[in-house]
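A short worksheet on the structure shown next.
The values are calculated or read from the model by the stated rules, or taken from the named source; none is laboratory data. Please read all numbers here as calculations on a predicted model, not as lab measurements. When we count neighbours, we look across all protein chains shown, and the Cβ atoms used for this are built from the backbone with ideal geometry, even at glycine.
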Amino acid sequence: MSNNTFQKVLVQALVLGLLPFGIIACSAETAENSENSFTSETPEDYGDLLLTYEETDNQEFEDIRAALEESAFFDDLIIEINDEMIFTEDINVEFASCGEANAYYNPEDSTITMCYELIADYVAIFEEDIETEEDYINEVIDASSFTFFHELGHAMVDQYDLPITGNEEDAVDNFATIVLLDVYGDDYGVLSGMLQFEDDAEVEQESDVEELAFWDEHALSSQRFYNTACLIYGSDPDAFNFIIEEEYLPEDRAERCEEEYEQKSEAWWTLLDPFFK
Ligand SMILES: [Zn+2]
């Protein structure tokens, strides 16, 4: 991941004509003065993201914790986000053992929990690519970053009272994809996210149709895979042409992915604009 900052995306959005200049230049005034504005008033900055890594007795989880601590990837990322973003109260970010392969945001105590079990499962998908200590550290980071931004998306929807139409789970998948691409240009993190959905989709495809969780808040992994692939491809069809060439995404869907990406990227950066420092 590069050292680009969150703020740079606003410049990029301006260059691409994604955001009207007025919103960027004076978001607070826009909110106060325009009856038609849906942007929130910029709140006071009373909070930060607070990062902790829980120690465990499990050697595999300790290896993951050591990789995370040694790289300082999330430590640096969180310093950068705290520098750029307003939070009205602290949000805990805990890497911990949960007894299940999961990650979640709990609005009751404003805590994002990233379970070592989930990271271990995702690192296992890319086991073949791991030859050196450095490869391992990179895979741990790539396996964690999409999920972290998905959960941060939930935390922002909660704390900023963001208006979301459609399914929030889909919206924060989009946020994770867009922030990794737009702010960090992080191909590995975002492609790791896509391939994690593909891996889960393979399990679904081996199940009977009636066993699939159509009732779940989350779309099926097969759908999350295609939706994520579409946004990645749509963000830069030339750079991500392999998504079509290697038939990750059918051409019928790919046709409108550039528009899908622009619509969702613009929506997210417009919603978040009042919350940049
Ligand atoms: Zn979620």
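Below, the figures for the structure above:
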{"quantity": "Condition check for A66: within 23 Å of Q196 (Cβ to Cβ) and out of contact with any Asp or Glu (no Cβ under 9 Å at 6 or more places or on another chain)", "calculated": "yes"}
{"quantity": "Matching residues, segment 119-159, being within 16 Å of the ligand (Cβ to nearest atom) and of a type in the set (S, T, Y)", "calculated": "Y122, S144, S145, T147"}
{"quantity": "Scan of segment 89-147 for residues that are among the hydroxyl-bearing types (S, T, Y) and over 18 Å from the mean Cα position of the chain (by Cα), ordered by number", "calculated": "S97, T132, Y136"}
{"quantity": "Scan of segment 228-248 for residues that are touching a helix residue (DSSP H, G or I) at 6+ places or on another chain (Cβ under 7 Å), within 18 Å of E198 (Cα to Cα) and surrounded by fewer than 22 Cβ atoms within 10 Å (Cβ to Cβ), ordered by number", "calculated": "I243, I244, Y248"}
{"quantity": "Some residue of segment 229-243 being closer than 29 Å to A101 by Cβ, at pLDDT below 90 and either part of a helix (DSSP H, G or I) or in contact with a Lys or Arg (Cβ under 6 Å, 6 or more places away or on another chain) (or both)", "calculated": "no"}
{"quantity": "Positions within segment 202-222 being within 16 Å of the ligand (Cβ to nearest atom) and more than 24 Å from E127 (Cα to Cα), in sequence order", "calculated": "A213, W215, D216, E217, H218, A219, L220"}
{"quantity": "Output for segment 89-104, where each listed residue is touching a helix residue (DSSP H, G or I) at 6+ places or on another chain (Cβ under 6 Å), surrounded by fewer than 22 Cβ atoms within 10 Å (Cβ to Cβ) and assigned to a strand (DSSP E or B)", "calculated": "A103"}
{"quantity": "In segment 164-201, the residues that are surrounded by fewer than 12 Cβ atoms within 10 Å (Cβ to Cβ) and more than 14 Å from the ligand (Cβ to nearest atom)", "calculated": "T165"}
